[in-house]
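To keep things clear, I will list the structure first and then write my remarks on it.
The values are calculated or read from the model by the stated rules, or taken from the named source; none is laboratory data. From a predicted model like this one, the values you see are computed outputs, not experimental measurements. Because the Cβ atoms are built from the backbone with ideal geometry, glycine has one as well, and the counts that use them run over all protein chains shown. The accessibility values were calculated without ligands, DNA or RNA, using every heavy atom of the protein model including side chains. Shrake-Rupley method; radii C 1.70, N 1.55, O 1.52, S 1.80 Å.
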Amino acid sequence: MVEASRNCSSLCRRVLKALLLCTGDMEHLVKYMQDKFIVLQLVVWCLRGVTRVTLANNPLSGAFILAALFWASPWQGLLGTVGVLVSTLTAVILGQDSTEISGGLHGFNGMLVSLLMGVLSSAQDWYWWLLLPVCFGSATCVFLYSGLSPVLDRWDLPASVFPFNIVIVLYLLCTGSDNPYFPHHPAMPPGVLDPNGTNLITIELVRSIPLGVGQIFACAAVGPSLLILGAILLYSPLLAFHALLGSAVGMLAGLSMAVHHDSLYSGLSGFNGALGCMAVGGLFFTFSWRTHLFAIASAFLSAYVDIALSNLLGTVGLPACSWAATLMVTLMLLLTGSLAAYRIPIGQVMAPEHNWHFRSQWEARSTAEREMTDVL
Amino acid sequence: MVEASRNCSSLCRRVLKALLLCTGDMEHLVKYMQDKFIVLQLVVWCLRGVTRVTLANNPLSGAFILAALFWASPWQGLLGTVGVLVSTLTAVILGQDSTEISGGLHGFNGMLVSLLMGVLSSAQDWYWWLLLPVCFGSATCVFLYSGLSPVLDRWDLPASVFPFNIVIVLYLLCTGSDNPYFPHHPAMPPGVLDPNGTNLITIELVRSIPLGVGQIFACAAVGPSLLILGAILLYSPLLAFHALLGSAVGMLAGLSMAVHHDSLYSGLSGFNGALGCMAVGGLFFTFSWRTHLFAIASAFLSAYVDIALSNLLGTVGLPACSWAATLMVTLMLLLTGSLAAYRIPIGQVMAPEHNWHFRSQWEARSTAEREMTDVL
Amino acid sequence: MVEASRNCSSLCRRVLKALLLCTGDMEHLVKYMQDKFIVLQLVVWCLRGVTRVTLANNPLSGAFILAALFWASPWQGLLGTVGVLVSTLTAVILGQDSTEISGGLHGFNGMLVSLLMGVLSSAQDWYWWLLLPVCFGSATCVFLYSGLSPVLDRWDLPASVFPFNIVIVLYLLCTGSDNPYFPHHPAMPPGVLDPNGTNLITIELVRSIPLGVGQIFACAAVGPSLLILGAILLYSPLLAFHALLGSAVGMLAGLSMAVHHDSLYSGLSGFNGALGCMAVGGLFFTFSWRTHLFAIASAFLSAYVDIALSNLLGTVGLPACSWAATLMVTLMLLLTGSLAAYRIPIGQVMAPEHNWHFRSQWEARSTAEREMTDVL
């Protein structure tokens, strides 16, 4: 009996240890993979790239997210896989920095471009010609990422999803809505409420919160969205919490501006808030109550700017993608004053929990040193 | 008799001295206020913020301008006051640089946003819900000011009214013209002359010149506009002269492009010219005949660019605000060649007269030193 | 007989030597002109400015191009001459850097603005009032060039044709399509194919390739376009080859997106590709097979981005000018990775053949030095 319980507790400890190994940035994997077969390495790079969309960096989470996408729609899953593969390979061919490639930094823009091309296409699923712009667009992302990096680097800013936003807007403009080869749905500005305004359905609003997280990957089904949320949770519970919080804030912002109910229910008005909240609350800044408040402010700003940009770009039939969150996060990173004190240099950004732990250690050390100096 | 005249002349001298103390940047007040009650300090910061809109920096001028706004419309005056207060307080809370705050640099954008929200709102005056976006928008200006500063600082450029222009455009896009809570008038592009073109009325054109100065504060009444002009005159006669000159230039530019007569008469085609002219003629560059010519060129460019941007933004129902002047002044500050020799570093910009005096002194000293070296 | 053949061969050698003196950047002329009459110097500066449009820098090519423009339309030729003159003189007056002026860097933007104003004007030829905006626009280009240079210089980027693109868009916006003084044709978005789609005419497509080179100067006639191509050939055969290649790539991109046949036949869909291809293939990067491939990629990207921007700007009646090529070349210059290794610093860019020769020499020397060090 004692032995059994001891076995069980030892098993539990092992499982917990294994689980802990799978959370965060999984840095131990980098060393482990170094001398493995190149295809296996490529798979890990791509999976890291998949999670980079949600600002995470964990190959296991990437596998879960990819599974969620295949679950929601196999065609979308395929497009996403092609996108992340093509852009990672393009980065290899263009001779980009190898740490950037192995960290998945060249994969996520290509993946998003492919997913959005698939979602916005008005052709049916399995329209194989779509792979042409998907490959071309994903490859172009690498050019833009590589070109924007030295510009933004002057202020220690990441290129983040600027390449995706630029490429998808250019693609939609280039093809137009009634292109004979690559037709797509024009975007509707979310501005005005339908005149015969139906009442709000509370259950739909609650459902829209996890959907807002799923919409980061252009996924509008509840099950897969929850799986994506689980994948973020695996990387960092703090990030997952801020994702939900930001999505809820985005929904509130949408309500206050009386946007279309469809836009609320589908989670489309939530995902910019989620991204804005995640980036500030723990990722690029060490977590504290102050950063938490800034994260909520960032979520509100991202959500309102998203409505504004959607109305603007909607006049020419374009979606606002994640322009709002990208611009707002860039703004937050530039902020001087009390927020800047919590800023983590871009090169050292890791999982929020790691950032927090690292910060505490660092602060403890600097306090100890100060005391030491005081004594002397 | 002799005594009386001596008394009178002594009185005159005292009045003049007191008046001189009230002109320019009133730097002596900074020291004087340091140990005063915080609320009184805040009032001075806000009043400085009010004048910053016209590139001035003088709390007494600020009081006059605020009085002018309350005279034109009490509701607008209230909105302006709320705007400058909220954004200054936000800057304090966000821990911005204290010299910036006490110089009023965090107040003027918030004030402009509030005034424009009020003017463009299609709800009646005293629609109290408007205070919600006014507070939110004013607070956002501080975020933008703080975020843009490090970017523009690389080229020693001021953030000036970029935050105001961005926030007001985003607000108008976000709400749209038929928003149930915050409706507003769509802007009309000034492009085309009405077909049954009535003749120009000279007296209206002359009136439009001071109105162009008033329109910097979105004020379209002659009396308050003259009071605002007087407030600028108190700060610096050179600045007031360039304001009138720029407004006249803007009117001429409007005439040459055959814009709507309404746009001419209301002073709307003049205020960008005024701002462009003020910034170059004496403020950011020491005054000389050459800078004076550049100021006129800047006024023309600002006015034409304003017409162009009004036509562009008018297609989506947005006003061009002061984008044109802001962009043109930024361009002028970047200019290399003969104008750059007169450039004053942003940190040392003060009242034009002070700049000029300082420059003369500095040049006299350097000439003296050169002669000294020649002798030795 | 022997004497005659010797004479002949000596003559041939002399002709060849004289011809070689006329190719490339004609640097020897700089020294030769130094003490000549100022008007003659100005002519050479302007002629260099004319070729700068095609990224070349050779006064003789400039004369050929100007001849081609006068051949195509005397009015356009006159406008171009006025533009290049006015902007070069403005640069002299504004005290711009003298090496920049003598290299023609302040002339080409003004020339392009003038040519485009002429082409887009819906008034007839010889409408003398047009000279007013032509002069004003050309002068404004110098302001923009001088203001953008310090910003772009941080990343060692050229201001290239950004000023032209900005000024022409502002001019068109400012006047609007039914301006009583300066009317112009609104641009048509090339997006959608006409429904009664006629078949493609192969001969027209072949003709469109040299026309794409001519369209860089807004010239839509075959003869003058060939003369312009000849002028580029005189400067650098490599540049001329890439111009044709880029134009062909642009046509292919246009075909793949099903743009209007008119847009294809007139060469309008080719000129951005040509510019994008020329800049990367040999000019800003030393020629090699890798840069050649990048040049083709750049041509494709420029062409697609041009279609996208044409569709976007077409919604407000504006042409996309050369925004696409300018942005894409800027992006290519920012690229890190394998292309950056071939990058030539902006200050040292000369004719592609010279760059190539210089690079080989430099590499040979550095190899020799390395060997030397190895031996020691």
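Residues that are within 8 Å of chain C (Cβ to nearest Cβ) and within 18 Å of C:N179 (Cβ to Cβ) were ranked within the range B:304-337; the one that is surrounded by the fewest Cβ atoms within 10 Å (Cβ to Cβ) is B:T315. Of the residues A:L120, A:L152, A:L105, the single one that is of a type outside the set (F, W, Y) and away from chain C (no Cβ under 14 Å) is A:L120. Within the option set B:V249, B:V161, being under 18 Å from the mean Cα position of the chain (by Cα) and in the same structural domain as B:A63 (by TED's automatic domain parsing) holds for one residue only, B:V161. The test for being under 27 Å from B:V280 (Cβ atoms), under 17 Å from the mean Cα position of the chain (by Cα) and outside the structural domain of C:I216 (by TED's automatic domain parsing) holds for C:V113. None of B:L47, B:L66, B:L40 is over 15 Å from B:I101 (Cα atoms) and modelled with pLDDT of 80 or more except B:L66.
Applying the criterion of at least 2 residues that are surrounded by 21 or more Cβ atoms within 10 Å (Cβ to Cβ) and touching a Gly at 6+ places or on another chain (Cβ under 8 Å) to the helices (runs of 4 or more DSSP H) found wholly in the range A:34-152 leaves A:38-52, A:59-72, A:74-93, A:108-120. Return the residues of the range C:266-276 that are in a helix (DSSP H, G or I) and within 16 Å of C:G214 (Cβ to Cβ); say none if nothing qualifies. Matches in the range C:266-276: C:F271, C:N272, C:G273, C:A274, C:L275. Please determine whether any residue of the range A:50-59 is without any contact (Cβ under 8 Å) to a residue 60 or more places away in the chain and within 24 Å of the chain's Cα centre (by Cα). Looking for residues that are without any contact (Cβ under 8 Å) to a residue 60 or more places away in the chain and within 24 Å of the chain's Cα centre (by Cα), one finds at least one in the range A:50-59, hence yes.
Any residue in the range A:281-288 that is open to solvent by less than 10 Å² (accessible area, probe 1.4 Å), outside any helix (DSSP H, G or I) and not small (G, A, S)?
Our first condition is that a residue be open to solvent by less than 10 Å² (accessible area, probe 1.4 Å); within the range A:281-288, this holds for A:281-283, A:285-286.
From what is left, the residues that are outside any helix (DSSP H, G or I) are A:285-286.
Okay, now just the ones that are also not small (G, A, S), so A:285-286.
Yes, the range A:281-288 contains at least one residue that is open to solvent by less than 10 Å² (accessible area, probe 1.4 Å), outside any helix (DSSP H, G or I) and not small (G, A, S).
A quick yes/no check of all residues on (1) at pLDDT 90 or above; (2) more than 20 Å from B:H357 (Cβ to Cβ); (3) touching a Ser or Thr at 6+ places or on another chain (Cβ under 6 Å):
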{"site": "B:R13", "(1), (2), (3)": "no, yes, no"}
{"site": "B:L19", "(1), (2), (3)": "no, no, no"}
{"site": "B:D25", "(1), (2), (3)": "no, no, no"}
{"site": "B:M33", "(1), (2), (3)": "no, yes, no"}
{"site": "B:S61", "(1), (2), (3)": "yes, no, yes"}
{"site": "B:W71", "(1), (2), (3)": "yes, yes, no"}
{"site": "B:G77", "(1), (2), (3)": "yes, yes, no"}
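Looking only at the range A:153-164, how many residues end up being touching a residue at least 60 places away in the same chain (Cβ under 8 Å) and crowded, with 17+ Cβ neighbours inside 10 Å? So that I can check it myself, show each step before the final result.
First pass over the range A:153-164, keeping only residues touching a residue at least 60 places away in the same chain (Cβ under 8 Å): A:155-158, A:160-162, A:164.
Going one step further and asking which of them are crowded, with 17+ Cβ neighbours inside 10 Å, we end up with A:157-158, A:160-162, A:164.
Result for the range A:153-164: 6.
Scanning the range A:338-371 for residues that are more than 20 Å from the chain's Cα centre (by Cα), open to solvent by less than 50 Å² (accessible area, probe 1.4 Å) and at pLDDT 70 or above turns up A:S338, A:L339, A:A340, A:R359. All told, B:L301 falls short of being part of a helix (DSSP H, G or I) and either under 29 Å from B:Q361 (Cβ atoms) or open to solvent by 30 Å² or more (accessible area, probe 1.4 Å) (or both).
Evaluating A:S288 against the criteria (1) under 30 Å from A:I203 (Cβ atoms); (2) of a type outside the set (A, V, I, L, M); (3) modelled with pLDDT under 90 leaves one unmet condition, (1).
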